[in-house]
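Each reported figure results from applying straightforward, stated rules to the coordinates on display, with no laboratory input. What you are looking at is a predicted structure, and each value in this text was computed from that prediction instead of being measured. Glycine gets a Cβ as well: all are built from the backbone with ideal geometry, and neighbour counts include every protein chain shown.
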Amino acid sequence: MSGIALWLAVALVGGAASLARYLVHGLVEPLARGRFPLGTLAVNVTGSLLLGVLVGAGVHGDAYLLAGTAAIGSYTTFSSWMLDSERLARDGRLGAVLVNLGASTGLGVGALLLGRAIAGG
Amino acid sequence: MEREPDVDLLEEPPAALAAPVDSRELGAIFLGGMIGALARAGLEEALAVAPGGWPWATFAVNLLAALLLGFAVSWLRAKRHGLYARAFLATGICGALSTFSTVMLELVRLQEHAGWGLACAYGMASIAAGMAAVLLGIELGRRRAAAASRRRPPVAPGAAG
């Protein structure tokens, strides 16, 4: 794929992945009834699983740039994870802050390793 | 109880699910997502690191996105037409500029190539600096909004055209 077409594809895929994040977040977040930022956790863990599958399958080069960096990278979010944690802290829910930070990291790494193992990496 | 009309996107109540799809909001998210993804992918390609090296590109975009997100939500909180700006800046740009999955992959690769020490340092530095960045952004947004309202007093409730 040529330079301009590739980067145009990166942008379009990133935009579509952002809509997917918004959709999944909106579907999952209400399940916790405002008690925990479950939507962000859901996109981040499912995205980590998918990225693990890509890596395990040996996807690299332009295909990785599009499917890994542009799609899954845009689908998952670090900034909302931080903002969610700040809100829990501001509400004085320090236990929930630690769970959000620790469980996200633990489940994220676990999901990535699981995906990589499934795909044979 | 009446709902605040200008609720935060990231604090969307369950009732929002029943709301009709707002194509302008989705367009704003898509456009912001394009910009965020391009910026992150460009920096990742330009600053590619060897396995076991500190992932500077991801570290930088995540902190920048956390700062911008904190600023956007506190600055736009007081705005009457903040929905599309928030969709564009917060959900679109910040969401796509930052990434969680790549951090997870980098943690695994750092542990495999450089050991637990560097992997733990990267994870903890990302979280600590990310929290500091979002707090700084919130404070900057608050000051920006306060300065704007001093220059131009807010419209009285009900008086808006």
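Below are the figures for this structure:
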{"item": "Test for A:G102: is it buried (at least 20 other Cβ atoms within 10 Å of the Cβ), closer than 23 Å to B:V61 by Cα and within 10 Å of chain B (Cβ to nearest Cβ)", "result": "no"}
{"item": "Filter result for A:L83 (assigned to a helix (DSSP H, G or I), within 21 Å of B:R40 (Cα to Cα) and not β-branched (V, I, T))", "result": "yes"}
{"item": "Hey, B:S149 surrounded by 20 or more Cβ atoms within 10 Å (Cβ to Cβ) and not basic (K, R) or not", "result": "no"}
{"item": "Flag if B:G137 is in contact (Cβ under 8 Å) with a residue 24 or more places away in the chain, part of a helix (DSSP H, G or I) and touching a helix residue (DSSP H, G or I) at 6+ places or on another chain (Cβ under 7 Å)", "result": "yes"}
{"item": "Whichever residue in the range A:8-51 is assigned to a loop (DSSP other than H, G, I, E, B) and surrounded by fewer than 17 Cβ atoms within 10 Å (Cβ to Cβ) and, among such residues, is farthest from the other protein chains (Cβ to nearest Cβ)", "result": "A:R35"}
{"item": "From the options B:S74, B:S23, residue that is over 19 Å from A:A67 (Cα atoms), more than 8 Å from every other protein chain (Cβ to nearest Cβ), touching a residue at least 24 places away in the same chain (Cβ under 8 Å) and polar (S, T, N, Q)", "result": "B:S74"}
{"item": "Output for the range B:38-71, where each listed residue is part of a loop (DSSP other than H, G, I, E, B) and more than 13 Å from chain A (Cβ to nearest Cβ)", "result": "B:V49, B:A50, B:G52, B:G53, B:W54"}
{"item": "Check on B:A85, more than 29 Å from B:L105 (Cβ to Cβ), among the small types (G, A, S) and in a helix (DSSP H, G or I)", "result": "yes"}
{"item": "Tally of residues being touching a helix residue (DSSP H, G or I) at 6+ places or on another chain (Cβ under 8 Å) and without any contact (Cβ under 8 Å) to a residue 24 or more places away in the chain across the range A:95-109", "result": "3"}
{"item": "The listed residue being surrounded by fewer than 24 Cβ atoms within 10 Å (Cβ to Cβ), more than 10 Å from chain B (Cβ to nearest Cβ) and in contact with a Lys or Arg (Cβ under 6 Å, 6 or more places away or on another chain), out of A:G56, A:G92", "result": "A:G56"}
